[in-house]
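Following: one structure in structure tokens, then a few remarks.
What follows draws every value from the coordinates through simple rules; no lab data is involved. These figures come from a predicted structure and were not determined experimentally. Using ideal geometry, Cβ is built from the backbone for each residue, glycine included, and neighbour counts are taken over all protein chains shown.
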Amino acid sequence: MAVRTRRSPWRWTVLLPVLAFVALVLTWGRQLPNGIVAIVAVLLAGAVIAAVHHAEVVALRVGEPFGSLVLAVAVTVIEVALIVTLMITGDPAKTQALARDTVFAAVMITCNGILGLSLLVATAKRHVAVFNAEGTGGALATVATLSTLSLVLPSFTTSRTGPEFSPGQLTFAALASLALYGLFVTVQTGRHRDYFLPVTRTGEVIEEEQHAEPPTDKAALVSLGLLVVALVAVVGDAKAVSPAIESAVQLAGFQPSFVGVVIALLVLLPETLAAVRAARRDRVQTSLNLALGSAMASIGLTIPAIAVAMIWLEGPLVLGLGATQIVLLGITVVVAVLTVVPGRATLLQSGVHLALFAAFIALAINP
């Protein structure tokens, strides 16, 4: 029998949230030199990763479907906090499209970057990646619908002169996003749960695929407390770091929209690492669940949260994508459908998705 070793109370998942919170207390409302800002930025990134870790612990304890909601809500709080903080502290002319840029970046990162990287890792040794086309196809359809409702339609509606929704249209998009996300979570964790389980190369569902042993009540409560500390630290430290992010993007000569890419990359880093680990174990379905689930949560929860925040925020909320972005989104959906439908993918599919991801990054830097 394996002997369980006692974990150190100073492991990084405990230390980083505490240090990030201390940094928040010491720096709140002060003008910071560049060196201190860099330290706070590192602690902010660490707090984001630690927050996702503790959300996963709590999710594992409460079980499904509430576990998925805990994790999704935690990630959404982080994403919305970064977006709203930058919208409040930044130049309104540059931040009115920040929510759109961040959500679109999340879709491109998940549907091309994470998906392509997962297929690359999975096919590097086994040549063919196998997954459940029914579950993955349903997830992709939901992501495509949410993206169209929230990011494409505002560019074609006529109630407002710019790529914006009217208040009634924004309310509908927010409610529809919540409804679709809730429906997907219900289907994924309920009657069609087997559609989202890993499969063997012969198509058999791997029912014995289990998560780690559920934590104790005490461990879950500790993680819940640390999750709250980490989220508070993220919200507060983002205020101190946000001017530096905008300045760094401007200094590099990138477009202001690249700030959204930075936020999405930071928020999705833990999911990317988890997806790659799953692909390395030949659990491609798990990787695709993480990729498409993250895209779904980014749209289905972030857009409604931003819609509510606009009650207090001043200025317009630009959600409609430009022509170049719509083309990228359209070809991403088409390619993803062709990848998903067979239920099997090779190195070629991974290369196509990674090429689209590289194109997105290149055009975000130089439109």
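If I model a spin label as a point 7 Å beyond the Cα along the Cα-Cβ vector, how far apart are those points for ILE39 and SER166 in nm?
Using points 7 Å along Cα→Cβ, the separation is 5.3 nm.
Residue by residue through segment 42-53, which ³J(HN,Hα) values in whole Hz follow from phi under the Karplus form 6.51 cos²θ - 1.76 cosθ + 1.60 (θ = phi - 60°), with glycine and proline marked x?
So the J values, rounded to whole Hz, are 5, 5, 4, 4, x, 5, 4, 5, 5, 4, 5, 4.
If I model a spin label as a point 7 Å beyond the Cα along the Cα-Cβ vector, how far apart are those points for LYS125 and VAL327 in nm?
4.0
From the backbone phi of segment 32-38, what are the Karplus-calculated ³J(HN,Hα) couplings (6.51 cos²θ - 1.76 cosθ + 1.60, θ = phi - 60°) in whole Hz, Gly and Pro given as x?
9, x, 4, x, 5, 4, 5
If you stretched the chain out fully between ARG280 and LEU26, how much longer would it get, using 0.36 nm times the residue separation minus the C-alpha to C-alpha distance? Spell out each step's value before the answer.
Working: separation 254, 0.36 × 254 = 91.44 nm, distance 4.14 nm.
Full extension from ARG280 to LEU26 adds 87.3 nm.
If each DSSP helix of 4+ residues adds -39,500 (n - 2.57) and the sum is divided by the residues in the chain, what number results at 222 nm, nearest 500 deg cm²/dmol?
Numbers: 14 runs with 254 residues, N = 367.
Theoretical 222 nm ellipticity from helices: -23500 deg cm²/dmol.
Straight-line reach from LYS94: which lysines have a Cα under 22 Å away, not including same-chain ones fewer than 8 places off?
LYS94 reaches LYS239.
For q = 0.08 Å⁻¹, what log10 I(q)/I(0) does the chain give under the Debye formula with an equal point scatterer on each alpha carbon and no solvent?
Ignoring solvent entirely, the Cα scatterers give -0.39.
In which sequence would LEU115, LEU348, LEU140, LEU197 go, from the one with the fewest C-beta neighbours within 10 Å to the one with the most? Present the calculation step by step, with values, prior to reporting the outcome.
Details: LEU115 34, LEU348 11, LEU140 24, LEU197 17.
Ranked by crowding around the Cβ, least crowded first: LEU348, LEU197, LEU140, LEU115.
Of LEU149, PRO33, VAL249, which is farthest on the positive side of the dipole of the chain, counting Cα position, with +1 on Lys and Arg Cβ, -1 on Asp and Glu Cβ, and the Cα centre as origin?
PRO33
What stretch of the chain, leaving out the sites themselves, is the longest with no chymotrypsin sites (Phe, Trp or Tyr not before Pro) in a DSSP loop having at most 12 other Cβ atoms within 10 Å?
Numbers: sites that count: TRP10, TRP28, PHE156, TRP312.
It runs 157-311.
Which whole-number percentage describes the relative contact order of the chain, with Cα contacts under 8 Å and a sequence gap of 6 or more? Walk me through the numbers on the way to the answer.
Numbers: 522 pairs, mean separation 134.6, N = 367.
Relative contact order comes out at 37 percent.
Mind giving me the nanometre distance, one decimal, between the label points for ASP217 and TRP12, set 7 Å out from Cα along Cα→Cβ?
3.2
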